[in-house]
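Just so you know, all these numbers are worked out from the coordinates, no wet-lab data involved. Keep in mind that this is a model prediction, so the values were computed, not measured. Don't worry about glycine lacking a Cβ; one is built from the backbone with ideal geometry, like all the others, and counts go over all protein chains shown.
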Amino acid sequence: MKKKNQQTLFSAPDGKSYLVPFILITSLFLLWGFAHGLLDVLNKHFQGVFTMTKAESGLVQFSTYIAYFLMALPAGLFMKRFGYKKGIILGLCLFAVGAFAFIPAAFLHSATPFLVALFVIACGLCILETAANPYSTILGPEESGAQRLNLSQSFNGLGWILGPLVGGMLIFGGAEDDPFTLTKPYLLVGSVVLLVAVLFFFTKLPEVQLEEEPDEAAMASEAASGTVSIWRHPQFVRAIIAQFCYCAAQTGIFSFFINYVTEADTSMTNIEASRILAFGGMALFMIGRLSGSFTMKWLSPARLLAWFALADAVCMALVILSAGTVSLYALYLSFFFMSIMFPTIFALGIEGMGTYTKKASSYIVMGVAGGAFAPMLMGYIGADNMATGFVVPLAAFLYILYFAWRCGKSSNP
């Protein structure tokens, strides 16, 4: 009875504290949030410096998120063989290589080498996310996994604030036609990432072993010949689709936020819009994750996800209507309701997967590829009027609502 009372959010079954590993892992969420936040500034800047259309500037997101689709399974296999720590160090090294590749890319005065550098960064980010998301959920009691992941993702939200803020100052603060302005934030983040990689190298992290559940043990012989049994979990399958939809919606909204705001208010400059993105949208995003983590103490993750998906669908409908100030505030508010979606879908998707957790994590991370296609589609639909492009995230949120509703009815039916 005494042991049960001592259980905390970061307690191992034997009572050992996982707080320090949790803090280290959470620092990774901050780093990749910063990297993703920079993309939203790059998208608008590429339209000017390389004279791209809205649809063409979507290649910034495509080169990033397609890496998740290509690297997710190799990342999972690497983690299965070598463990979380080595996977994290590899991810950080690729992250740094891609960031420093912005220097030679600037000398070539073309968008292509920058897109290649972004692809390398994203390969590193994919490995980090494949490791850090499930690692965060298992650093404590199983029933509080979604709460713990949302807490970690709150710092991801802080990274999303710093990305457009720092990127806006360093990139939009320079000459619009100077590709060397693109290198400044990446030199900064590359240096920080290298320091973090060194810290992880010299820090001992527990390799948490996942216990095999009885139902999984019964199918062990069948699983040995392939991955058939993993697809017997409908909730996991729906989670992949939901994650694809969420990443499509999130990436599309983030990418064209500056376009939408500057079209709605022609007196606003790009750097002013990037500050609103940082302090308005991204701040609400972080607040949503922090409050969502604690709200899950009283409201189930599936039910909270359903309410937030419904609210975001309403917000997108208002954005499409182009109703002036009302639509702008709906766009800002959508960040708050998006906040819990990625970690909650992820946690619900790997729920009850037992020894297949790492493999399931890889497949769910592949869903991030939704972010590769949505910006180009939104840019094409909204070529003349950006508001119409937001029909894409509207459809995505409706599916997430369906996913949450099914999760609320039963767990892994």
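Here the dipole of the range 10-409 is about 500 debye; that uses its Cα centre as origin and unit charges on the Cβ of Lys and Arg (positive) and Asp and Glu (negative). Largest first, the three principal axis extents of the alpha carbons in the range 1-111 are 67, 28, 23 Å in whole numbers. In terms of the mean number of neighbouring beta-carbon atoms within 10 Å, the peptides 244-251, 137-144 order highest first as 244-251, 137-144.
Simple spin-label estimate for residue 383 and residue 231 gives 3.8 nm between the two label positions (7 Å along the Cα-to-Cβ direction from each Cα). Here the sum of -39500 (n - 2.57) over DSSP H runs of 4 or more residues, divided by the residues of the chain, equals -23500 deg cm²/dmol at 222 nm, to the nearest 500.
Sorting 18, 399 by the number of Cβ atoms found within 10 Å of their own Cβ, with the fewest placed first, yields 399, 18. With a Förster radius of 41 Å applied to the beta-carbon distance between residue 398 and residue 142, the computed FRET efficiency rounds to 0.85. The phi-based Karplus calculation (6.51 cos²θ - 1.76 cosθ + 1.60; θ = phi - 60°) puts the 3J(HN,Hα) values of the range 364-380 at 5, 5, 4, x, 4, 4, x, x, 6, 9, 4, x, 5, 5, 5, x, 6 Hz, whole numbers, x for Gly and Pro. For the peptides 43-54, 124-135, 253-264, the ranking by packing is 124-135, 253-264, 43-54, with the highest mean count of neighbouring Cβ atoms within 10 Å listed first.
The fewest-to-most ranking of 268, 71, 353 by surrounding Cβ atoms within 10 Å reads 268, 353, 71.
Give the peptides 278-289, 150-161 in descending order of average Cβ contacts within 10 Å, highest first. Intermediate values should be presented prior to the final figure.
Working: 278-289: 22.2, 150-161: 25.2.
In decreasing order of mean packing, 278-289, 150-161 become 150-161, 278-289.
Listed from fewest to most Cβ neighbours within 10 Å, the set 191, 57 follows the order 191, 57. For the chain, the longest principal axis of the alpha carbon atoms and the long axis of helix 183-201 meet at an angle near 10°. With respect to the chain, whose longest principal axis is taken over its alpha-carbon atoms, helix 145-167 is tilted by about 20°. So how tilted is helix 325-338 from the main axis of the chain? Cα-based, degrees 0 to 90, rounded to 10. Around 30 degrees separate the two axes.
Kindly state, to the nearest 0.05, the FRET efficiency for residue 300 paired with residue 279, given R0 = 22 Å and r defined as their beta-carbon distance. Write down the numbers at each step before the final one.
Working: r = 32 Å, r/R0 = 1.44.
With a Förster radius of 22 Å, E is 0.10.
Quick check of the Kirkwood formula: for the chain, what is the inverse mean of 1/r over all pairs of different Cα atoms, in Å? Can you show the working numbers first?
Working: mean 1/r = 0.0468 Å⁻¹.
Across the chain, the inverse of the average 1/r is 21.4 Å.
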